[in-house]
Structure formats: structure tokens, C-alpha cells
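The values are calculated or read from the model by the stated rules, or taken from the named source; none is laboratory data. Source: prediction; values computed, not measured. For neighbour counting, all protein chains shown are included, and Cβ atoms are generated from backbone atoms with ideal geometry for every residue, glycine included.
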Amino acid sequence: MAKAPALKLVIGNKNYSSWSMRPWVLARQAGIAFEEVQLKFDEVDGGLRVAGIEPYSPTRKVPVLLVDGEPVWDSAAICETLAELHPEKQLWPAAAEARRVARSICAEMHSSFQGMRGAMPMNIRASLPGKGRDPKSEQDIERIIAIWTSCRSRFGRGGDFLFGRFSVADAFYAPVAMRFRTYAVELPRLAKDYCAAVEALPAVREWIEAARKEKKFVAADEPYTKK
Ligand SMILES: N[C@@H](CCC(=O)N[C@@H](CS)C(=O)NCC(=O)O)C(=O)O
């Protein structure tokens with residue numbers, strides 16, 4: 001059997017980096033071994049820079065996965081690569097119809113929801129009830145609840161997650177569960193239960209615990225908090 005490639009996952013601040021959270025939670029929850037390299041955000045001209053990213057990623061962004069030293073960048077490509085390297089982990093739903101929907105909602109998460117992203121940045125250690133609610137973020141929240149409701153009722157019978165057992169789709173939506181808690185978004189029962197299931201995942205708990213210990217304040221991700 002071919003030797004499993006060495007995996008190194010480069011991530012940003014656990015408190016803020018929603019894109020980093022996806023592949024980290026996916027790999028950790030699935031029991032895929034990887035070396036973690038955590039870099040920190042620096043602020044430049046009101047924006048962000050990942051200090052020390054240059055040797056790892058051509059985009060200078062996190063996350064990036066090094067597979068035997070070769071970079072795979074962008075969280076979507078990284079999650080696909082993890083699924084391809086580990087077919088035995090069944091990171092996508094097994095049934096073709098469910099898999100098509102899972103891919104669609106991941107692509108939607110990846111390319112949309114700018115209203116929520118802008119007004120409600122991930123900030124795990126913060127409590128900001130009611131902040132960030134405007135017509136665009138409200139619209140995004142409604143759409144996410146509709147996605148969760150549809151997936152749970154159509155495909156969720158085998159477990160507590162969007163497609164029953166934990167999959168890439170849950171890793172993509174885990175940062176949303178973090179935002180809903182920080183901004184205390186009122187949710188219908190099904191969405192509340194789904195967020196609780198996500199938060200109870202050992203990998204998510206580990207991420208949250210580490211995020212809460214981080215002290216670094218990044219103004220670009222803190223529109224509601226004065227330093
Ligand atoms: N679409 C990318 C987005 C990655 C991204 O924007 N990462 C942010 C941090 S969460 C970053 O590295 N920003 C630093 C920069 O823009 O220089 C992905 O899914 O990985």
C-alpha cells in the first residue's frame with residue numbers, strides 16, 4: 001500500500017478565522033492526522049495580513065494544506081482533497097442525491113452570504129447579542145435556516161447532522177453556528193438543535209476552547225468592540 005502523504009494544515013487565529021475552521025474541524029473530527037501550523041493575523045492599512053504565510057501559500061491566505069510539501073489553497077479545495085485522500089472516511093454523504101445537495105450547499109456557503117459575513121464576523125470568544133442584524137444579514141440567516149431545515153428533514157434521519165452523519169457540509173456550516181451563538185440569533189427548534197449538535201462535536205469543542213484562550217485583538221474583525 002502507498003504511504004499516506006504527510007499533511008500540514010496552516011491556519012489563522014482560531015477566534016476569527018472561519019475559513020480555517022472548516023478543514024481543521026473536518027480533519028480533526030474525521031481522525032485524519034495532520035501537523036498544525038498556526039499563524040497570526042496582523043493589521044495593515046485597515047485590512048489583514050497573515051504574518052509568516054509567504055513560504056506556505058501562493059495566495060498569502062489561510063487556510064492552506066501542504067500535502068507532502070505541495071500547497072493546496074482555499075478551504076473548499078482542501079476539504080475536497082481530504083475527502084479524496086481518505087475515501088474510507090466517507091466525508092461526503094454516500095448517496096448520490098444527498099451528495100449533490102451537499103456539494104450545492106457547500107458551494108453556496110463558499111460563494112454567498114456576504115451580508116452575514118460582513119455584519120457578523122466570526123468572533124467565538126465574544127458575546128454580541130443582536131449586533132449585525134440588517135436586511136441583508138437577516139436574509140442570509142433565513143436562507144441558512146431554510147437550508148438546514150431542508151437537509152435535516154430530507155437526509156438527516158441517520159444522525160444529528162445535515163446529512164445524518166457528520167460530513168463536509170457540517171464543517172462548512174460550523175462557523176455559522178459559531179456566529180449564531182456570538183450574535184444570539186433566535187432560531188427555530190430544528191436549527192437550535194443542529195447548532196447544539198455541531199457545538200458538541202469533539203473537534204468543534206477543541207477549536208472553541210483554543211479560540212477562547214486567544215488574546216489577539218484584530219480590529220478588522222471587531223466592528224462592535226472598541227479596543
Ligand atoms: N476563499 C478562501 C478565503 C481565505 C481567506 O480569505 N482567508 C483570510 C483569513 S480567514 C486571509 O487569509 N486573509 C489574509 C489576507 O487577505 O491577506 C478560502 O476558502 O480559503
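Any residue that is within 20 Å of Asn13 (Cβ to Cβ), in a helix (DSSP H, G or I) and within 16 Å of the ligand (Cβ to nearest atom) - is there at least one of those in the range 120-128?
We begin by selecting, within the range 120-128, every residue within 20 Å of Asn13 (Cβ to Cβ); these are 120-128.
Now drop any that are not in a helix (DSSP H, G or I), which leaves none.
Checking the range 120-128: not a single residue is within 20 Å of Asn13 (Cβ to Cβ), in a helix (DSSP H, G or I) and within 16 Å of the ligand (Cβ to nearest atom).
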Q | Pairs where the first residue, in the range 147-176, is part of a helix (DSSP H, G or I) and at pLDDT 95 or above and the second is among the polar types (S, T, N, Q) and surrounded by 17 or more Cβ atoms within 10 Å (Cβ to Cβ), C-beta under 6 Å, 6+ apart | A | Pro175/Ser18
Q: Could you look through the range 33-56, keep only residues that are of a type outside the set (Gly, Ala, Ser) and away from the ligand (no atom under 12 Å from the Cβ), and pick out the one that is nearest to Ala220 (Cα to Cα)?
A: Gln38
Q: Please work out which residue is farthest from Met116 (Cα to Cα), limiting yourself to the range 209-227 and to residues that are among the basic types (Lys, Arg) and assigned to a helix (DSSP H, G or I).
A: Lys213
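Here is a list: Glu186, Glu206. Which entry is of a type in the set (Asp, Glu) and part of a helix (DSSP H, G or I)? Walk me through it before giving the result.
Working: Glu186 fails: part of a helix (DSSP H, G or I).
Within the list Glu186, Glu206, the selection yields Glu206.
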**Q.** Hey, Pro223 in contact (Cβ under 8 Å) with a residue 12 or more places away in the chain, over 28 Å from Gly47 (Cβ atoms) and out of contact with any Cys (no Cβ under 8 Å at 6 or more places or on another chain) or not
**A.** no
Q: Report yes if Val64 is over 18 Å from Pro175 (Cβ atoms), within 14 Å of the ligand (Cβ to nearest atom) and crowded, with 17+ Cβ neighbours inside 10 Å, otherwise no.
A: no
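Given Glu88, Glu80, which one is over 15 Å from Ser18 (Cβ atoms), within 19 Å of the chain's Cα centre (by Cα) and of a type in the set (Asp, Glu)?
Details: Glu88 fails: within 19 Å of the chain's Cα centre (by Cα).
Glu80 is the lone residue from the list that is over 15 Å from Ser18 (Cβ atoms), within 19 Å of the chain's Cα centre (by Cα) and of a type in the set (Asp, Glu).
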Q: Can you run down the residue pairs with Cβ atoms below 8 Å, 6 or more apart or on separate chains, where the first is in the range 27-46 and more than 21 Å from Ala203 (Cβ to Cβ) and the partner is of a type in the set (Val, Ile, Thr) and not in a loop (DSSP other than H, G, I, E, B)?
A: Lys40/Val50; Phe41/Val50; Asp42/Val50
